[in-house]
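The values are calculated or read from the model by the stated rules, or taken from the named source; none is laboratory data. Treat the numbers as computed from the prediction; the structure is a model and nothing was measured. Neighbour counts are summed over all protein chains in view; Cβ atoms, including those assigned to glycine, are modelled from backbone coordinates with ideal geometry.
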Amino acid sequence: MLSYQAKTFSTLKNLKGITDLEIDEHLKLYTGYINNSNKLIELLNDKIAKNDFEGPQFSELVRRIGFEFNGLRLHELYFENLNGQGGDENKAPKLKKLIEKNFGPASAETSSFESFKDYFLKVAAMRGTGWTLLCQNCDNENLSVHWVNDHENGHVAGFEPIVVMDCWEHAWTAYLKPTERAKYIEDFWNNIDWKVCEERLA
Ligand SMILES: [Fe+2]
């Protein structure tokens, strides 16, 4: 297995609401996932070289990959879909149309995009530590919203993340109180780079 290098993200300064200090702290945590993923790769490469697959050390290393690798990749997808110039879903007409198709017909009171927004943000507000994802089923191109516990529990096989929201408290506690999750949710929504999300569609 080959090692990872940390990416740089060009659109993370001057976000709406989310401070540069918050982003700086968050990027340090991301670096931790890179370092721990590379450590796992190093240890497993050593096991492979020595043909040493016995015992709990080997199986725990393999199990840990789900946590570290997903932590690494979800953070990249999260940072990439944040942009201080974001927040306008009309910049991604193909994705908006697909969301409207998947999240029910518009009613007199609420458009189907608003229905999706309400549901996505309800999931994001759930108690717990994890991620809220809008995903696309690569088999039929349908969209659905999912909650992932920690980094690895709740992914659906063959579903690609389209909109990725970090719902760990560290995503807001460098600039908000732990009880101010609702303000962070609002800030996240106002910074979504819908064009980047649209480019993730199949
Ligand atoms: Fe995070």
Please state which one of Asn51, Asn81 is over 19 Å from Pro161 (Cβ atoms) and either polar (S, T, N, Q) or buried (at least 18 other Cβ atoms within 10 Å of the Cβ) (or both). Asn51
Output for Cβ contacts, cut-off 8 Å, separation at least six or different chains, first residue at pLDDT 80 or above in the stretch 96-114, second aliphatic (A, V, I, L, M) and not in a loop (DSSP other than H, G, I, E, B), reads Leu98/Leu143; Ile99/Leu134; Ile99/Leu143; Asn102/Leu143; Phe103/Leu143; Ser112/Ile99; Phe113/Ile99
Log entry, pairs with first residue in the stretch 140-151 being modelled with pLDDT of 95 or more, second being acidic (Asp, Glu), beta carbons closer than 9 Å, six or more apart or on different chains, reads His151/Glu68
Scan of the stretch 118-139 for residues that are touching a residue at least 40 places away in the same chain (Cβ under 8 Å), part of a loop (DSSP other than H, G, I, E, B) and over 24 Å from Pro178 (Cα atoms), ordered by number: Cys138
Residues in the stretch 167-183 that are surrounded by 23 or more Cβ atoms within 10 Å (Cβ to Cβ) and of a type outside the set (A, V, I, L, M, F, W, C): how many? 0
Pair list, Cβ under 7 Å, 6 or more apart: the stretch 24-37 residue more than 19 Å from Glu60 (Cα to Cα), other residue near the ligand (Cβ under 10 Å from one of its atoms) and at pLDDT 95 or above: His26/His170; His26/Ala171; Leu29/His170; Tyr30/His75
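Residues checked against (1) over 30 Å from Lys177 (Cβ atoms); (2) within 16 Å of the ligand (Cβ to nearest atom); (3) part of a loop (DSSP other than H, G, I, E, B):
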residue: Gln5; (1), (2), (3): yes, no, yes
residue: Ile23; (1), (2), (3): no, yes, no
residue: Leu27; (1), (2), (3): no, yes, no
residue: Gly32; (1), (2), (3): no, yes, no
residue: Asn45; (1), (2), (3): yes, no, no
residue: Leu61; (1), (2), (3): yes, no, no
Among the residues of the stretch 88-110, which ones are of a type in the set (Gly, Ala, Ser) and crowded, with 17+ Cβ neighbours inside 10 Å? Ala92
Selection over the stretch 95-140 where residues are touching a helix residue (DSSP H, G or I) at 6+ places or on another chain (Cβ under 7 Å) and among the aliphatic types (A, V, I, L, M) yields a count of 7
Do we have Glu76 as part of a helix (DSSP H, G or I) and touching a residue at least 24 places away in the same chain (Cβ under 8 Å) here? yes
Among the residues of the stretch 172-184, is there at least one that is touching a Pro at 6+ places or on another chain (Cβ under 7 Å) and either at negative phi or more than 16 Å from the ligand (Cβ to nearest atom) (or both)? no
Of all residues in the stretch 128-149, how many are under 11 Å from the mean Cα position of the chain (by Cα) and within 14 Å of the ligand (Cβ to nearest atom)? 5
